[in-house]
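The values are calculated or read from the model by the stated rules, or taken from the named source; none is laboratory data. Because the structure is a prediction, the values reported are computed rather than measured. For neighbour counting, all protein chains shown are included, and Cβ atoms are generated from backbone atoms with ideal geometry for every residue, glycine included.
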Amino acid sequence: MIRIYTDKQTDNVVESVDLGRVSLGETTKYTMYMKNTDTQWSVHNIKVENTNPELRFEIPDTLKPNEVQEIFVYWTPKLDSREPLLTKFEFSGDVFIG
């Protein structure tokens, strides 16, 4: 039900993200778009499961049916980072039917 896109028109689904180069210790902000693809049910209590402390997310708590909202991803590489950032993150939420 929740999909992430690179564009507000939701033409380009995010399968992977190339965050480019970021200076160590500096924070870079990326804008993406989250959509509830369900046409009938809202998604509540949206959460992101992320195991990498270098990434921080700003996401909405709720998305109405077919709603699109901006989300922000912040990347702050640690000063001792020597490897490219490779991580997975998942979004989840609750649907209340009835």
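Numbers below:
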read-out	value
Only one of THR31, THR62 that is modelled with pLDDT of 95 or more and touching a His at 6+ places or on another chain (Cβ under 8 Å)	THR62
ILE71 surrounded by 12 or more Cβ atoms within 10 Å (Cβ to Cβ), assigned to a strand (DSSP E or B) and within 10 Å of the chain's Cα centre (by Cα)	yes
Condition check for GLU54: surrounded by 15 or more Cβ atoms within 10 Å (Cβ to Cβ), acidic (Asp, Glu) and modelled with pLDDT under 90	yes
Qualifying residues in the stretch 5-27 (those that are at pLDDT 95 or above and surrounded by 14 or more Cβ atoms within 10 Å (Cβ to Cβ)) - the one farthest from LEU55 (Cα to Cα)	THR10
The stretch 33-44 - residue that is β-branched (Val, Ile, Thr) and assigned to a loop (DSSP other than H, G, I, E, B) and, of those, surrounded by the most Cβ atoms within 10 Å (Cβ to Cβ)	THR37
Out of LYS78, LYS8, LYS47, sole residue that is assigned to a loop (DSSP other than H, G, I, E, B), in contact with a strand residue (DSSP E or B) (Cβ under 7 Å, 6 or more places away or on another chain) and on the phi < 0 side of the Ramachandran plot	LYS8
